[in-house]
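Beneath this line is the structure, given in structure tokens, with notes to follow.
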Amino acid sequence: MRWYVSIGAVLVAGMLAGGDVAGVAAPAPAIQPGHRLAEKESTPSVDVELIIAVDVSYSMDMDELAIQREGYAQAIVSKEFLQALKAGPNGKIAITYFEWAASNDQKVIIPWRVIDGPESADAVSAEILKTPVRRASRTSISGAIYFAMPLFDENPYRGLRRVIDISGDGPNNNGMPITPAREAALDKGIVINGLPIMVKEPSYSTMDIENLDWYYEDCVIGGPGSFVVTIKDREKFKEAIRTKLLLEVAGRTPEPRHVPVAEKEPRVNCLIGEKIWQDRWGR
């Protein structure tokens with residue numbers, strides 16, 4: 001039996017201001033096998049190794065891209081985020097931030113950094129904001145996952161959890177199918193969370209789909225405690241980003257209202273993006 005959760009309230013004040021939350025009802029991710037933490041005894045441990053993977057495909061308009069950038073930058077320096085950070089067993093996280101579009105188009109904006117308080121948070125926030133906003137062709141969520149996985153091996157800090165945080169406004173339409181990429185990450189003990197962006201009406205020209213949140217729930221996210229925060233209101237874009245980062249730093253989903261979903265075919269075809277592209281371009 002697979003479960004999803006729809007949350008109406010969160011224990012951390014203000015965490016749900018930005019969107020609807022759904023996730024796999026499970027305990028917080030367990031500590032990774034001991035040999036991971038023992039790889040470099042001299043390396044400080046962190047509470048989470050967090051990869052933020054941000055969609056910059058042409059279906060995102062420039063305003064959305066700017067708000068998205070500002071949302072992450074402001075969330076990292078927010079009082080709520082810093083409080084959640086200090087509540088962890090180590091009081092610090094390792095973070096990297098990259099932008100993605102096609103299967104061969106990923107750009108690291110922030111290499112691995114440790115955030116352990118206001119000063120380091122300010123530095124990361126400023127670095128995010130100073131990088132020029134860009135746009136690119138195609139949407140390859142699978143490419144983002146395959147790009148993200150080896151980044152964990154490059155991280156000099158070893159965390160209790162490994163999380164890929166993916167935001168996007170459309171389904172996978174380029175590169176490998178999404179489900180094998182997800183399974184490859186889950187096999188490595190990586191948790192995938194999602195931020196489906198649904199602030200515009202679905203459009204043939206941008207290859208958007210209805211029920212993108214279902215697509216993310218059924219086809220993209222995975223791992224113990226994984227969840228989706230859906231953005232349906234442009235005005236609450238930044239609050240939704242902060243919500244998701246708070247949940248990831250806290251290492252748990254909030255108290256859920258359980259909605260059982262039987263193990264069956266996904267509610268949205270996990271190859272829907274590829275099908276739309278094929279129907280439109282014939283390749």
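The values are calculated or read from the model by the stated rules, or taken from the named source; none is laboratory data. Nothing here was measured: the structure is a model prediction, and the numbers come from that model. Virtual Cβ from ideal backbone geometry, glycine too; neighbours counted across all protein chains shown.
Structure notes:
- Contact map, region 209-235: first residue within 13 Å of V268 (Cβ to Cβ), second residue modelled with pLDDT under 90 and assigned to a helix (DSSP H, G or I), Cβ cut-off under 9 Å, separation 6 or more or different chains; pairs are I209/I272; I209/G273; I209/I276; Y215/I272; Y215/G273; C219/I272.
This table checks each residue for (1) out of contact with any Asp or Glu (no Cβ under 8 Å at 6 or more places or on another chain); (2) at pLDDT below 95; (3) under 26 Å from K232 (Cβ atoms).
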{"position": "A38", "(1), (2), (3)": "yes, yes, no"}
{"position": "T43", "(1), (2), (3)": "yes, yes, no"}
{"position": "A53", "(1), (2), (3)": "no, no, yes"}
{"position": "S57", "(1), (2), (3)": "no, yes, yes"}
{"position": "D61", "(1), (2), (3)": "yes, yes, yes"}
{"position": "I110", "(1), (2), (3)": "no, no, no"}
{"position": "I115", "(1), (2), (3)": "yes, no, no"}
{"position": "P118", "(1), (2), (3)": "yes, no, no"}
{"position": "R134", "(1), (2), (3)": "no, yes, yes"}
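- Residue check, P111 crowded, with 17+ Cβ neighbours inside 10 Å and closer than 29 Å to M198 by Cα: no
- All positions within region 92-129 that are assigned to a loop (DSSP other than H, G, I, E, B) and not acidic (D, E): K92, A101, A102, S103, N104, G117
- All conditions but one from (1) assigned to a strand (DSSP E or B); (2) closer than 23 Å to G251 by Cβ; (3) in contact with a Phe, Trp or Tyr (Cβ under 6 Å, 6 or more places away or on another chain) apply to I164; the one that does not is (3).
- Those helices (runs of 4 or more DSSP H) lying entirely in region 170-283 with at least 2 residues hydrophobic (A, V, I, L, M, F, W, C) and either at pLDDT below 75 or crowded, with 21+ Cβ neighbours inside 10 Å (or both): 178-187, 237-250, 272-281
- Within region 78-93, the set of residues being more than 15 Å from S45 (Cβ to Cβ) and buried (at least 17 other Cβ atoms within 10 Å of the Cβ) comprises S78, E80, F81, L82, A84.
- Residues (small (G, A, S), assigned to a helix (DSSP H, G or I) and free of Cβ contacts under 8 Å to residues at least 60 places away in the same chain) located in region 130-159: S142, G143
- Filtered residues of region 128-148 (kept if crowded, with 18+ Cβ neighbours inside 10 Å and of a type in the set (D, E, K, R)): R138
- Which numbered condition Q83 misses (of (1) under 15 Å from the mean Cα position of the chain (by Cα); (2) assigned to a helix (DSSP H, G or I)): (1)
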